[in-house]
Structure formats: structure tokens, C-alpha cells
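The next block holds one structure in the form of C-alpha cells; read it before the comments.
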Amino acid sequence: MRRLWTAVLCAWLCLMAMPALAEQTAGDPPEEVLVHIASNWPAYTLEDYTLLEDLPDGRDYGFALLARDGQRILVVYRAREGETMSCWLRTEKAVPQGEGCAWLGRDWDDEEWPENLVEDGGPRYEGETREALIVNFSPDAGEDQTVCYRWRNGGFRLSGYLLPGDTPGSDRLFARVGEGVIEFYPFYSGRNGDNVTTVYGELQTDLRYASYATFPMSIAAAREKLSVAPKNVVAGEFHAQDVKFSGGRQYPVYLGPGEAYARSADGKGQVSTNGWIQVFGEYDGYIMIQYGISAKRFRVGWIDADALPGSAQVPALSFVNEAQVLLQDCAMTDDPFMSRTAIAQLAAGTQVTVLADFGDYLYIETTVDGQTVWGFVPADAITKE
């Protein structure tokens, strides 16, 4: 019964949300793929395999779904015409996990596809084609899951996924994912202007780095989790510029330029390159960044300058280092542009070093719990010593 429901679900999804009929497996894997799987994952079972041919980069892509004890791996192979398939990507994060049955569907190019619409699936995004990988999962316990990665802007990007529903047959929401935006609407009813809820924010869409477990599974979760990089952040002589980092990486964040300073978030602060990051500049081998923690909370901190992509050009920073003293009790924050959340309470009379003027805030150095930190305090809380 569950498999029957899932088949119906996938048919509706492909007709209305994905937006076309999804073929099942396109043949058996070629010999080189079978050999590679047997050599590298001998304990895994090949759940399914599908092929997308002649993509815009001139390659064929083969997708192998492997499973063992509820753990699932997607292995992607590719080749140009006349070549044998070679392994391009292995990812566990991009696909649903757990005990159950999973299988693959696919979409393909079609001359009848509208230029600016994906049928009921919302706007066609720049560089997006019909070719797509569809991953279906029917767990032993819980709801059926479906996620789609469509070819867009030179690679496979998250195109959409189903959100949980109350019961089989309920009008489950579909999340149509673009660059910096998610549209939520009931996939049974189809997309129209009256039933679409739009949430803006950055979600990692690249198949190489996407993590299914982090996808917001409700509108409320999307509104809480996703954030949009602020525009034209200028404070004093400091300007935050958007920088596109290599995806799938994480870096520890410090309250100052180096490991000698306290680490943000009570020693747990780190930034993922799957979200937006803005860079103010470089100082002493570290870069001063701002990034989003949630829709209502940002953080300014420091990471190793080696994280910068080679193409990025950021300014060298300088600081004034003026000895001053607090006039009044005040909170220090690492988020002067959004939430202004306190990371420490400083008492009147505390001696500090002012580093830079950030308009309503001053950037200072002080000691908190025996550790040196750089942070922001209200400008009116300070006078010269």
C-alpha cells in the first residue's frame, strides 16, 4: 500500500511540481560503473541507477544509489561521448537517509517546455534546463520523501522537494527552490498566485554540497532559518562585500584576527560556506567577515585568510588602537548591524582599546573571562582616557 501511495505521489509530483513525467531507471549501469562500485563499496547494495544523456556541458551523467543498513550514498559518474564513465562525485548528504526503499527518476529536455515557466512549478531560473535527477524514498517508518536536482547554471542544483504532510492524501506542500528564494505551494492544487508563500534566503543548492537534512521542512522553519545578505553595508571606512566561497566547507570563527582570541559562540562558532558570507577585509593573515546565523541574527568575526577563493580581492584593514575607558555599563555585541545580541556585559570604568569607528558603534579590544576579544559597543559608552 505504501509503495502504491508513493507511486501515485511521484506521478503527481512529476506532473505538477517537477514538472514532467519522470522516467524510472534508464538501463543497467555500464561495466566500468559496476566494477568501481564493487571495488569501493563491496558491502553496499545498488538500489537504483539512472542516466541523463547529453547535458549542456557535453557529458552523460550516471547516478548510482547505494545503500547499507539505512545509510545511503549517491555516486555520480560522467563521461563525454566515446569515453568510459568515471566517478565524479560521492555524496551522502544530498539524499534522504534511513531504512526503507529508494529509487531514482529523471527528467529530460523537451522542445515544448515553455521558455519562462516550469508548467505549474514556478519560474524558470537562469540557466535552468529540463534535465533533472529525482530521488524518491519510501521509509519503513514515516512519510515518503522526494527531492529533485535540476541542471542549472553549469551543474545540478536543488530544484524542489516535498514537505511532510499530516496523512497520506493530504495536500502536501512542495518547495520550489531558486537562487535565494523558496516558493511553497500545495502540489496537488498546483501553483497559482493565491496559494504561493515566498521566503527569501540563501540555501545551498549545489548537489556537491547540498544537505537534505538541513532543508527547511516548513514555512516557519524557512522564515526562521534562512537569511539574506544585507546590501551596501558601510560603517565608517569599512565596507562589507559579498564573496562567493567554495561550498561544503566550515571554518572556526574568532573574536579577533587569530587563534589567540576567543572563539565566537562560547567556543563553538563556525561559518559554513554553504551560506552567504561578506568580507570587510584582511588583517594579519585573517579576514573580517559577516555571515547569517538565522533570519534575525548575523555575526561579525574572523577566519583564516586562506579560506578566500583565489579570485577574491579584499582590502587590507588598519586599526587606530586608542586607549579609552567606558563611561557606563554596556553590552558588547558581535552583531552591530542586525540583532545587536550581547555577547558580554562590560562595566563602567573598564579600560578598552578602540580599534575603529563603525558609526553608532565602536569596534574595541578588551578582555572577557581572561580571553582577549574584539567586539562592538555603543559609541556613546566611551570617552578618551
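The values are calculated or read from the model by the stated rules, or taken from the named source; none is laboratory data. Source: prediction; values computed, not measured. No Cβ is skipped: glycine too gets one built from the backbone with ideal geometry, and neighbour counts run over all protein chains shown.
Within region 330-357, if we keep just the residues that are among the charged types (D, E, K, R) and either free of Cβ contacts under 8 Å to residues at least 24 places away in the same chain or in contact with a helix residue (DSSP H, G or I) (Cβ under 7 Å, 6 or more places away or on another chain) (or both), the residue that is nearest to residue 224 (Cα to Cα) turns out to be 340. Residues in region 243-254 that are out of contact with any Gly (no Cβ under 6 Å at 6 or more places or on another chain) and in a loop (DSSP other than H, G, I, E, B): 243, 244, 245, 246, 247, 248, 249. A search for C-beta distances below 6 Å between a residue of region 98-114 that is in the same structural domain as residue 149 (by TED's automatic domain parsing) and any residue that is at pLDDT 75 or above and surrounded by fewer than 15 Cβ atoms within 10 Å (Cβ to Cβ), counting only pairs 6+ apart in sequence or on different chains, returns 98/70; 99/70; 99/140; 100/140. Yes or no: residue 215 crowded, with 19+ Cβ neighbours inside 10 Å and over 18 Å from residue 300 (Cα atoms)? For residue 215, the condition - crowded, with 19+ Cβ neighbours inside 10 Å and over 18 Å from residue 300 (Cα atoms) - is met. Checked against (1) of a type outside the set (Phe, Trp, Tyr); (2) under 29 Å from residue 348 (Cα atoms); (3) in contact with a Gly (Cβ under 8 Å, 6 or more places away or on another chain), residue 324 passes all but condition (3). Of the residues making up region 255-266, those that are within 20 Å of residue 355 (Cβ to Cβ) and not in a loop (DSSP other than H, G, I, E, B) number 2. Screening residue 232 with (1) in contact with a Gly (Cβ under 8 Å, 6 or more places away or on another chain); (2) free of Cβ contacts under 8 Å to residues at least 40 places away in the same chain gives one miss only, at (1). Where strands (runs of 3 or more DSSP E) sit wholly within region 267-376, those with at least 2 residues that are among the β-branched types (Val, Ile, Thr) occupy 277-283, 286-294, 297-304, 351-358, 361-368. Listed by position, the strands (runs of 3 or more DSSP E) contained in region 144-226 that have at least 2 residues being touching a strand residue (DSSP E or B) at 6+ places or on another chain (Cβ under 9 Å), free of Cβ contacts under 8 Å to residues at least 24 places away in the same chain and on the phi < 0 side of the Ramachandran plot are 181-186, 197-200. Taking the condition over 14 Å from residue 256 (Cα atoms), without any contact (Cβ under 8 Å) to a residue 60 or more places away in the chain and in contact with a strand residue (DSSP E or B) (Cβ under 9 Å, 6 or more places away or on another chain), does residue 381 pass? Here the answer is yes, as residue 381 does meet what is asked. In the set (1) surrounded by fewer than 16 Cβ atoms within 10 Å (Cβ to Cβ); (2) in contact (Cβ under 8 Å) with a residue 12 or more places away in the chain, residue 305 fails one condition alone, (1). Residues of region 229-252 that are β-branched (Val, Ile, Thr) and over 14 Å from residue 308 (Cα atoms): 233, 234. Scanning region 218-251 for residues that are surrounded by fewer than 16 Cβ atoms within 10 Å (Cβ to Cβ) and within 22 Å of residue 156 (Cα to Cα) yields 244, 246, 247, 249, 250. Looking across 172, 191, 150, one residue alone is among the charged types (D, E, K, R), out of contact with any Leu (no Cβ under 9 Å at 6 or more places or on another chain) and buried (at least 18 other Cβ atoms within 10 Å of the Cβ). It is 191.
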